Amino acid sequence: AEAADSSVLPDTGLIGWLASFTDWYPLYQFDLPTGLSVTLFQRDTTISFDGTDVPIRIKVSTERENDETIQTVVGLFDCKKFTVTASISVLLGFPPFVFPVELVAVPVTSWMAENHWVVEELRPSVTVDLGAIGLPSFYLPGSQSKLTTEPTSVKEGIQPDEFFLSQNYPNPFNPSTFIKFNIPNVETLRATSLRMNLKVYDVLGKEVATLLNETKKPGTYEIQFDGSNLTSGVYFYTLSVGTQFNSTMKMMLIK
């Protein structure tokens, strides 16, 4: 088991603390039948409260729910619906007879439409009861977000201060995804324009696609990558600008 430091909690919050235990997991499994829930990961560990080690279980599961049509200010969207639930339970008893008592479960429901990623996301308010470990309860406020403007592909009017390569979205994806990156104000680089390359590689390092190989002005750009001709698996995309910038991110194609 892996020990966790409870001092992380005040700085990052409950969700951030949970995320610190994860590696990389496909939260949205599009090939999952509706009504079916699967466990993405489960881990037993200990945290310290006032000098006492408390055994806990951290679990994250995802459920594919029935598809729904969502009304937004920019129109109707046919959406895939998923609920991802992160939970913490205190473990009572002694191995091998251990019984989990749930302290908190935080469900996040997302509605996703093709080419728009998350159209709506809802996290209900939750009361965390820590009475099982002798601590007071506390309240986690909920949140809701919804698509209000149509996504754009290129924003050349904005001039960011530094290079930046974003995580693709959606991720995992099938068959297409979007990759966003920033090109800083060229005046700071003493150049009138910058030639850049954006390429995709498989896990063996073989180049499978060139998305960009040209000169670009400062701005924020978004490029669509279509993986229809590729097999399911992990891929990497790299943005390089001469010797000034080089960054690589990981993405997963699931068919």
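Every read-out reported here was derived from the displayed coordinates using simple, explicitly stated rules and does not represent laboratory data. For clarity, every value in this text was computed on a predicted model and none was experimentally measured. FYI the Cβ positions are ideal-geometry reconstructions off the backbone, even for glycines, and counts take in every protein chain you see.
Things worth noting here:
- Shape category assigned to segment 71-142 from the gyration tensor of Cα positions, a/c cut at 1.5: oblate
- Here the calculated FRET efficiency for T69 and S37, from their Cβ-Cβ distance with R0 = 22 Å, stands at 0.45, rounded to the nearest 0.05.
- For K216, the lysines whose Cα comes closer than 22 Å to its Cα, not counting residues fewer than 8 places off in the same chain, are K155, K180, K199.
- The residues packed around F82, meaning those with a beta-carbon under 9 Å from its beta-carbon, carry a net charge of +1 if Lys and Arg are +1 and Asp and Glu are -1.
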